[in-house]
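Below: the structure, in structure tokens.
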Amino acid sequence: MPNRGRSHASPEPTTGADAQDQPTLRADAERNRERIVTAAQEVFAEWGLNAALEKIARRAGVGIATLYRRFPSRANLIAASFERKMADYAAAAEHALDNPDPWTGFCWLINKICAMQAADAGLKDLIAMRVPASSAVDELRNRALQSLEHLIQRAQRQGTLRSDFVSADVPMLLFANAGIVTATRDEAPDTWRRFTAYMIDAFRADSSSSPGGSAPSREQHQARVRGPERAAQPA
């Protein structure tokens with residue numbers, strides 16, 4: 001009698017064409033990722049970290065769904081986009097720490113990071129904002145913070161930096177500088193240099209001014225820029 005049992009079809013073997021398609025798909029995905037990161041670097045530099053993700057997708061030449069698949073949250077995209085800039089910040093802090101004169105190194109670092117801000121709108125909140133804890137950006141920022149704190153201690157022991165200055169004052173300075181950069185970018189783009197010079201003078205140990213209130217904590221600065229951490233959602 002013929003076998004009336006349910007037949008079990010064997011899976012079709014993978015053809016050579018199918019196998020060749022797999023590396024092509026992976027290469028396409030990597031090219032999409034690179035286009036998205038490059039577009040994000042450009043858009044964040046022009047419009048800041050709250051720029052519309054749809055704008056980034058359009059500039060990258062991909063659909064918004066593709067962007068969401070590659071970067072499920074705005075913070076993930078920011079971390080991927082600013083790794084090199086944060087590496088530059090960490091390197092600058094280490095370079096300043098290597099200066100045999102702590103005050104000279106401190107002044108150079110403050111000018112350097114304010115100049116980096118003036119050149120890239122996306123750096124306004126990056127140094128203080130929350131990014132995924134396991135990201136390279138977070139590791140680089142922690143490395144920069146360690147160098148900054150050591151530099152502050154050296155300058156204070158030297159007697160050139162005021163004793164009540166703390167590392168949390170740097171993000172406060174950058175928030176203020178960001179506002180000046182934004183307000184004067186078109187009409188007087190070098191105004192930030194004058195502001196930075198005034199602030200450095202106020203940081204000297206012989207300054208007669210006294211800051212009111214207590215120094216802000218790092219957590220307070222992080223709460224100020226919590227917005228970019230939220231998951232990206234389509235409009």
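Mind listing whichever residues of the stretch 141-167 are within 30 Å of A80 (Cα to Cα) and either touching a residue at least 60 places away in the same chain (Cβ under 8 Å) or of a type in the set (A, V, I, L, M, F, W, C) (or both)?
A144, L145, L148, L151, I152, V166
Filter the stretch 160-196 down to residues that are open to solvent by 50 Å² or more (accessible area, probe 1.4 Å), touching a helix residue (DSSP H, G or I) at 6+ places or on another chain (Cβ under 9 Å) and not in a helix (DSSP H, G or I) and give me whichever is nearest to L145 (Cα to Cα).
So the residue we want is V166.
E34 fails exactly one of the following numbered conditions: (1) at pLDDT below 80; (2) under 18 Å from the mean Cα position of the chain (by Cα). What is the number of that condition?
For E34, the exception is condition (1).
Could you give every pair whose Cβ atoms fall below 9 Å, whose first residue belongs to the stretch 52-76 and is open to solvent by 40 Å² or more (accessible area, probe 1.4 Å), and whose second residue is among the β-branched types (V, I, T) and outside any helix (DSSP H, G or I), counting only separations of at least 6 or pairs across chains?
R70/V62; N76/V131
Which of the numbered conditions does A136 fail, given that it passes all the others? Conditions: (1) surrounded by fewer than 21 Cβ atoms within 10 Å (Cβ to Cβ); (2) under 21 Å from the mean Cα position of the chain (by Cα); (3) modelled with pLDDT of 95 or more; (4) of a type outside the set (D, E, K, R).
(3)
Looking at (1) open to solvent by 70 Å² or more (accessible area, probe 1.4 Å); (2) touching a Pro at 6+ places or on another chain (Cβ under 9 Å); (3) modelled with pLDDT under 90; (4) not acidic (D, E), find the lone condition where A232 falls short.
Unmet condition: (1).
Would you confirm whether or not the stretch 144-154 contains a residue that is modelled with pLDDT under 95, more than 11 Å from the chain's Cα centre (by Cα) and either buried (at least 17 other Cβ atoms within 10 Å of the Cβ) or of a type in the set (A, V, I, L, M, F, W, C) (or both)?
yes
The values are calculated or read from the model by the stated rules, or taken from the named source; none is laboratory data. Source: prediction; values computed, not measured. Quick reminder, even Gly has a Cβ in these numbers, built from the backbone with ideal geometry, and neighbours come from all protein chains shown. The protein model used for the area step is the full one, side chains on, heavy atoms only, and it has no ligands, DNA or RNA in it. Shrake-Rupley method; radii C 1.70, N 1.55, O 1.52, S 1.80 Å.
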